[in-house]
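Right, one structure below, let's go through it.
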Amino acid sequence: MIKNLTDTYIAPTYARFDVELVRGEGALFFDSSGRSYIDLGSGIAVNSFGSCDTEWVAAVTAQLNMLSHTSNLYYTEPQSTLAELLCTRTGMAKVFFCNSGAEANECAIKAARKYKNDKYGAGQHNIITLKGSFHGRTITTLAATGQDAFHTHFAPFTEGFSYIDIGDLDALEVYLKQGAAAFMVELIQGESGVIPLDNAFVTAAADLCARYDSLFIVDEVQTGIGRTGKLFCFKHYGITPDIVTVAKGLGGGLPIGAALLGDKVASTLTPGSHGSTFGGNPICAAGAVNVIERIDHKLLGEVSEKGEYIRTQLKSCINVKGITGMGLMLGINTEKPAREIAIQCLEKGVLVLTAKDKLRLLPPLNIPNDLLAQAIEIVKTVIDS
Ligand SMILES: *Cc1c(COP(=O)(O)O)cnc(C)c1O
């Protein structure tokens, strides 16, 4: 029934797996026939503490019973608390709240262009991104996405985006010299197959951006919120970005995104220059406060340990050719096609993701060890069968 209605009435933009999910409980999902599945995907890195986590539900429902929505014409408590948490825990200066990753990146792009325009006048608007990157589905964030496959169907795209190969500092410097507004990267390319950038490249690129007064934007929509074993992935690299974009895991299951703005761009966005009706909505913000407050040293240590456990286990598979990623964001290169593995895992009660030709695992940050072990045992069997 759910499937029929969906296929009849919803635009067919997704290649859905053949399962109707009706209930979630931590790292478990249940389908319409009552069967359970261990979740190694977190709704694509969204359910940071799994589905319907008790503490998170309590925080969100308390807010629901207090104040649901007001618009940004008024001051509200949850978004102020969340903004303070995000700034004090990252060293960033200001936050702009929106509802998704694409919107967070739109904000970053607007802030970078306005920063350059305010300071140097028109013309220095170019945004440099990496080949293989993924930055969202709006016309502008598709333009930012450095993959030809995304530059079809919807032309004309937003102007002023150029793409360089990972590691090509010379090409980056040419663009920066011409006055590029920003260089935007995912430190681990998620959708492209969990591909981490090299530390030397990232630090050199950050230095170059600073030298030419171009902004260094880090898209942490997938890598942020504890996913890699640190609150944000940029902390692994020892750099301080000018702008960090966040979404997916921030709300713990509710739609909220944010652009974290460093000192350089703290006063760039002025009244009327940007906005969002829902951005920082009290319910979503209350969920996000609960998520951020619980990502402490202990939890981050467990994320790293669980990531290491998965790596060790999967390395023993004959048909695993390589494992990339950090913490609980892992890409696995296998002999068998990843989509086939995902379908077979589903049949055996485990939900996994794919990214390009790789298997991708993004389990809830607090997945219990016994469920993780059970799920990985099944994944191993499927990979080697
Ligand atoms: C998912 C993702 C986005 C887009 O986020 P939406 O919330 O779907 O708009 C942008 N950048 C990265 C790195 C992502 O993984």
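With the requirement that a residue be assigned to a helix (DSSP H, G or I) and among the charged types (D, E, K, R), what does region 292-310 give you?
Glu293, Arg294, Lys298, Glu302, Glu305, Lys306, Glu308
Only one residue in Leu231, Leu254, Leu208 is within 13 Å of the ligand (Cβ to nearest atom), more than 17 Å from Ser133 (Cα to Cα) and either surrounded by fewer than 24 Cβ atoms within 10 Å (Cβ to Cβ) or hydroxyl-bearing (Ser, Thr, Tyr) (or both), so which one is that?
Selected residue: Leu254, the only one of Leu231, Leu254, Leu208 that is within 13 Å of the ligand (Cβ to nearest atom), more than 17 Å from Ser133 (Cα to Cα) and either surrounded by fewer than 24 Cβ atoms within 10 Å (Cβ to Cβ) or hydroxyl-bearing (Ser, Thr, Tyr) (or both).
So if I check each of Gly349, Gly327, which one is surrounded by 22 or more Cβ atoms within 10 Å (Cβ to Cβ) and more than 30 Å from Ser68 (Cα to Cα)?
Result: Gly327 is the single residue among Gly349, Gly327 that is surrounded by 22 or more Cβ atoms within 10 Å (Cβ to Cβ) and more than 30 Å from Ser68 (Cα to Cα).
Looking only at residues in region 234-245 that are assigned to a loop (DSSP other than H, G, I, E, B) and more than 14 Å from the ligand (Cβ to nearest atom), which one is nearest to Asp213 (Cα to Cα)?
The extreme case among them is Asp242.
Does region 118-130 contain at least one residue that is near the ligand (Cβ under 10 Å from one of its atoms), out of contact with any Leu (no Cβ under 8 Å at 6 or more places or on another chain) and either in contact (Cβ under 8 Å) with a residue 12 or more places away in the chain or farther than 20 Å from Pro156 by Cα (or both)?
Looking through region 118-130, none of the residues is near the ligand (Cβ under 10 Å from one of its atoms), out of contact with any Leu (no Cβ under 8 Å at 6 or more places or on another chain) and either in contact (Cβ under 8 Å) with a residue 12 or more places away in the chain or farther than 20 Å from Pro156 by Cα (or both).
Please specify each residue of region 260-291 satisfying the condition of being within 11 Å of Ala111 (Cβ to Cβ) and in a helix (DSSP H, G or I).
Lys264, Val265
Restricting the search to region 36-59, which residues are outside any loop (DSSP other than H, G, I, E, B), under 25 Å from the mean Cα position of the chain (by Cα) and hydroxyl-bearing (Ser, Thr, Tyr)?
Tyr37, Ser42, Ser51, Thr54
Run down Leu260, Leu197 and say which single residue is more than 13 Å from the ligand (Cβ to nearest atom), of a type in the set (A, V, I, L, M) and crowded, with 18+ Cβ neighbours inside 10 Å.
Only one candidate passes the filter, namely Leu260.
So in region 60-106, with the set limited to residues that are surrounded by 16 or more Cβ atoms within 10 Å (Cβ to Cβ) and assigned to a loop (DSSP other than H, G, I, E, B), which one is nearest to the ligand (Cβ to nearest atom)?
Ser100
Which of the following residues is among the acidic types (Asp, Glu) and in contact with a Cys (Cβ under 8 Å, 6 or more places away or on another chain): Glu106, Glu77?
Glu106
Exactly one of these conditions fails for Ala149: (1) in contact (Cβ under 8 Å) with a residue 12 or more places away in the chain; (2) within 16 Å of the ligand (Cβ to nearest atom); (3) under 22 Å from the mean Cα position of the chain (by Cα). Give me its number.
(1)
Tell me the residue from Thr129, Thr145 that is hydroxyl-bearing (Ser, Thr, Tyr) and either within 20 Å of Thr240 (Cα to Cα) or modelled with pLDDT under 95 (or both), please.
None of the other options fit; the residue is Thr129.
For Lys248, indicate whether it is away from the ligand (no atom under 16 Å from the Cβ) and either within 17 Å of the chain's Cα centre (by Cα) or under 28 Å from Val174 (Cβ atoms) (or both).
no
The values are calculated or read from the model by the stated rules, or taken from the named source; none is laboratory data. Note that the coordinates shown come from a computational prediction; the quantities given were computed from them, not determined experimentally. Using ideal geometry, Cβ is built from the backbone for each residue, glycine included, and neighbour counts are taken over all protein chains shown.
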